[in-house]
Structure formats: structure tokens, C-alpha cells
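The values are calculated or read from the model by the stated rules, or taken from the named source; none is laboratory data. All figures in this text were calculated on a predicted structure; none of them were measured in a lab. Virtual Cβ from ideal backbone geometry, glycine too; neighbours counted across all protein chains shown. We work out accessible area using only protein heavy atoms, side chains counted, and drop any ligands, DNA or RNA first. Shrake-Rupley method; radii C 1.70, N 1.55, O 1.52, S 1.80 Å.
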Amino acid sequence: MGDAGARRRRRARAPPPELQDGRRHREGNNTEVGNGIIELVYNNKTVPMRTLNITEQLALYPEVITVMLYQFVERQCRTDTTRIADSIPLRENWALPCFAVQVAGLTGFIRHNRNIKVERFGFSVACAASYTLIMMWEYSHYLLFVQALTLCLLDGLALINKDKMYEINLMYLASVSSGYLFQFLNSKLLISPLLSLVLASMLATKLQATVRPGTFQPKVMTMIYFCLTFTLSLATHFLIGILVTQKDDDQILKSVEVKLGLKTNKDFTVNWLLCQESFQPLSQDCLSRLTQSSLLPFYILVSIICLVSMCLGLFKNRANLVHSTSEDCRIGERLGVNYHVFQSLILGLFAMNFEGLKYLWTPYVCVLAASGVCSPALWLTVFRWIRLRAVNPVVLALLLSAVVPALIGFSLWREFSPKMVGESTDMEEHYESDTMEVMNWIKTQAPATAVFAGSPALMGAIKLCTGRMVTSLPVYNDEELMKRNEDMYQLYSMRSAEDIYKILTTYKASYVVLEESICNELFKMNNCRVKDLLDIGNGHVVIEDEDIFAYLEYGRFCQEIKTNYLPYVNYFTRVYWNRSYFIYKINTVVSFQS
């Protein structure tokens, strides 16, 4: 009886079969996730002769964390919480919500609050969001640099509390340090302009604090604060660059320095980046669209009112250099408003020179224009300037802050709603038959162990579509991979068949894919064709005083190989072609005589 009772109790505690299947399914999923993370960290199936840490190279921290979260909640929330099944989530899409949270928390901290709990909560949110932002996006430290620059400007104007500024600088230091440790000792964070500016700001503040208050020296120190901060920032950046042993391979920073005229450069990768649309000045079409929607005029109007109001407040308080701790009804005397206006103007200045930053600036334009027009404080500030007496200014400000936005919204709805409805119903599909033919040929005709060479963008597509190994990837934050990319672009340079063969066999390539769109690329402004950049980088073309001098020892490889003449047929055999692509098998029986 005892044994039978024990068996019955064990059967009663045993879960039903469907739950057992679900448990085994979850355990299998967890095992797959663990194996997948290991394959990401130790990947040797993408690029020959190189084991990649894909999590580090592509900064896949948000994706890995998200996968773990999906496993934790058993993935029933995926359909309603992400669009990953419908679109490709760019890295900025992960990071910008964190930046919005960080800005909100920072705004609550720096403004003059009487509730210390609100300030502490805002600071805690800002700290957590800053660290998350550093981990989410490999270029987030540049965005935080813009924010730190804005706060330094407010600090120099004596608009922000010194103790709060010190805590904010500690927040930046903690975020950068944590990011450095948890991103495989990412040296780019150490040599980032954010760290240099923060250290210089803290040192300049310490020097300013040593001056005895109530004398003429504090006023002088305030005037030279900006010069002192930026001089120390440049010196700190130079010193850190010497102390950091790992070589700086941040091509984005190098490209910005070249574009600003701080350096001269003939490097192919840097020049190629400078030719991309993201590095071009803001287009006239973008400005026209912003103006046509009335967004840019209202933003300019709101910014001017806030800046003028702020200047008047500074002039009023310049005698003692102490800002009022009470929130005045004048909009320019609100620290939170000043912070957002300055930050939006700095982002706008960068966006005018780098179109890729317009996605950071345009949301600010929308928020400031809308909040300014809807703010009774803005209207009340204007009414005080014109000394309105006929009508109660407070009542009129409340009325206009509700009526004007409604009229603007109705006008925009009438003008743009038909266009938006038309765009939402026009579902276009991007399909390139030539590209799909190449992918199908590779999957069906090429061996599974084949290694393909070509332009990095095409190689990324081949890896994703066919799973074959490739010689390069469209990654520009790793020195060795960037060297591979430049070597693969030599397919479109004026070099000999022997040189190209040596390059390809060095990377164990067995097939090479040539693109007609690159080989026969027509004229582009500023010598931005890949062929032109290669000729300049290789020294085959010299530009002096707008005169071009060419040294044509060999023809362009991508064109000469199509002739099927010697010596090209000794090294390469054409196996497939269509209107857009030519695929050649790299011969393995050729030997070179030294």
C-alpha cells in the first residue's frame, strides 16, 4: 500500500504531457539561443582566415539582450512588440528612444525644482538611459558629446548649477567607463571627444572655483571659460590618444576631421565615406519640405523668442552672475527651455553639414515648434515685450496657445492628408531580377565551401542570401576588415591581373563577382566614383590645381578581364554573367615566377 500510494502521489505531481512538451521546447530554445550566442562570439564561417566576434564587430548587444528577453517571456509578446518580422530595425531605432528618455530625465534634473525627489529620480533615469545608449549604439558617444557641449555652454553662461554640472559629468564618466569594460575594452570610447570634453570641463570648473568670489577675477574666468574648456579638451584628447596603445581605426572620426579641414587625406576608405550621402550638406529639398509644412518657420520664430528672452535675463542678472532659482513666466528664463534650444541649434548646425544627422535634428524641430506655439509662456513673453494693455495678457496667451495650434493642425491636415493616404496605399516591392539570378546560381551551382570576393555591400547580400563565405563585409569600424574592403575594391582599379590574383588568393577566394554598376559608373560630383577614389588612393591619378595627371600602366581590371585575352584567362575563368554581374572562377593551377 505504501509503494502504491507513493506511485499515485508521484503521478499526481507529474505535469500533463502538453506541459512536458512545452518545457522540452523551451529548453531546446534556450539551448539554441546559447549556441547561437557562442556562434556569434566565435564566428569562423563568414570571413576566411579570421574568427570574428560578431557581437563586438557589429555591436549586437541590443539584439542579444532582446533575444534573451523574448526567451524569458516565452515569445508570446513578439507580434505586438516589434516590427522585426516586417522591416530591418536600424541601430538608431534602438538607440533614439533611449536618448529621448535620457533627455527627459536630464531635463527634470537640471531645471530648478523645489522637490529634491523629482531631481533625484530624473538623474537616476538619465544615468540608466545614458549607459543603455552607450551599449545600444556604437556611435552614441558622439550624440552625448553634443549634449555635453550644450551643457558646457550653459555652464559657461552661469545658467546651470555647478554641483549639478559636476554630477552630470560624473554620469558621463561612469557611462563611458562601463561601456568600455562591457564592450570588450572598446578603445573608441576612450579616445572619443565626449571623454576629453568632460575631463576638460571638470578641470576648468575646478580652476574657476579656486578664484575668490566677489572680485573681478570671476567675471574674467567666466569670459575665458569656453576657451579654457576647449583648449583643455584638445590637449586631453591628444594625451589620451598617446596613452591608448590600440591604434585608432575610427574612420567616422577621421572623416569628420577631413571634412572640417583639420586633416588632409588620400585614404580610400575615408574618401569613400566622405562621398556618402550622410556626409553631404543638408539638401535643399529637405529644407523646402520643412518650410512648406510651416515647421521650419515656426521653429525659427520660437528659437528667436527664447534666445532673446534668455539674453535679456542674462543681462538683468549679469551684475552678480547668479541666476534666479525661481521659474519666471518669461520663457527664456527657464533652464529646461534653454537647454533644448541650444541643443537643437547645435544639432541643426551639424545637420546642415552632415545630412545623416537630420534624423536627430528634425524631431527636435518638431518638438520645440509645437511646444513653443502651445506654450502660454511664449505668448505671454511677447505680450510683455509689446506691453499689451488692451486685453488681459494671461487670458489672451491661454487662448492663443489653444487656437493657433488648432488652426495650424487643421491647415496641415487639409494640405497633406491626401498625399499621406496615397503613400500608405502605394505598396511598392523592390526586386532586382539580375541580383536574384546571381543568388540562385550561387546556391545551386557553387560549392558549399566556396569563398566569394567582390564589393563589401554585395558580399553582405551574398552572405545573407546564400550562406556562403565571403572575403569582406560592409563594416567600417574594424581596421582589418576595412583593409579587406579596400583590397576587394581593387577589382575596379587600374592594376594588373597578377596583382588582383595575388590579392584574391591571399584571402582564399575561389570566385569573384564584378558589378557593372561600379565598373561603368558614370560621372559623379567631386570625383566620388569608386574608380576615381581608387585611382587617387593608388597614386594612378594626381590632381594638382584642378588638373588631372594619369599614369596608365594597366587598364582597368574589371573591363580588361572581359576581353578574355592573356594574361587574364590564365588566372580567371568566366562561369556566369548577366546584364549586371560577371562571375569568374579563380584558377588554382597558376604559378608565379619570381
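If you rank TYR554, TYR584 by how much accessible surface each has, with a 1.4 Å probe, what is the order from largest down?
Working: TYR554 100, TYR584 0 Å².
Ranking TYR554, TYR584 by accessible area, largest first, yields TYR554, TYR584.
Leaving out same-chain residues fewer than 8 places away, which lysines sit with a Cα under 19 Å from that of LYS585?
Output for LYS585: LYS443, LYS463, LYS502, LYS508, LYS562.
Express in Å², to the nearest 10, the accessible area of HIS237 obtained by rolling a 1.4 Å probe over the protein heavy atoms while all chains stay in place.
So the heavy atoms of HIS237 present about 60 Å² to solvent.
Hey, if we sort SER455, SER580, SER124 by accessible area with the 1.4 Å probe, largest down, what's the order?
Working: SER455 5, SER580 35, SER124 70 Å².
Largest to smallest exposure gives the sequence SER124, SER580, SER455.
Name the trypsin sites (Lys or Arg not before Pro) in the range 495-541 that are in a loop by DSSP and that have at most 13 other C-beta atoms within 10 Å, would you? Walk me through the intermediate numbers first.
Working: sites: ARG495, LYS502, LYS508, LYS524, ARG529, LYS531; in loops: ARG495, LYS508, LYS524, ARG529.
Those that pass, being in a loop and sparsely packed, are LYS524.
What figure in square angstrom, to the nearest 10, would you give for the accessible area of LEU407 with a 1.4 Å probe?
We get 110 Å² for LEU407.
Tell me the chymotrypsin sites (Phe, Trp or Tyr not before Pro) within the range 104-196 that lie in a loop according to DSSP and have at most 14 other beta-carbon atoms within 10 Å.
Working: sites: PHE109, PHE121, PHE123, TYR131, TRP137, TYR139, TYR142, PHE145, TYR166, TYR172, TYR180, PHE182, PHE184; in loops: TRP137, TYR139, PHE184.
Here the chymotrypsin sites (Phe, Trp or Tyr not before Pro) that fit, given the DSSP loop and packing criteria, are PHE184.
Provide the packing ranking of 567-579, 381-393, i.e. peptides ordered by the mean count of other C-beta atoms within 10 Å per residue, highest first.
567-579, 381-393
Residue by residue through the range 390-404, what is 3J(HN,Hα) from phi via Karplus (6.51 cos²θ - 1.76 cosθ + 1.60, θ = phi - 60°)? Round to whole Hz and write x for glycine and proline.
Coupling constants for the range 390-404: 5, 10, 4, x, 5, 4, 5, 5, 4, 5, 5, 5, 9, 6, 4 Hz.
Scan the range 429-462 for chymotrypsin sites (Phe, Trp or Tyr not before Pro) in coil per DSSP, keeping those whose Cβ has at most 13 other Cβ atoms within 10 Å, and list them by number.
On the way: sites: TYR431, TRP441, PHE452; in loops: TYR431.
Loop-located and lightly packed - TYR431.
Which lysines have a Cα less than 24 Å from the Cα of LYS162, not counting those fewer than 8 places away in the same chain?
LYS117, LYS206, LYS219, LYS316
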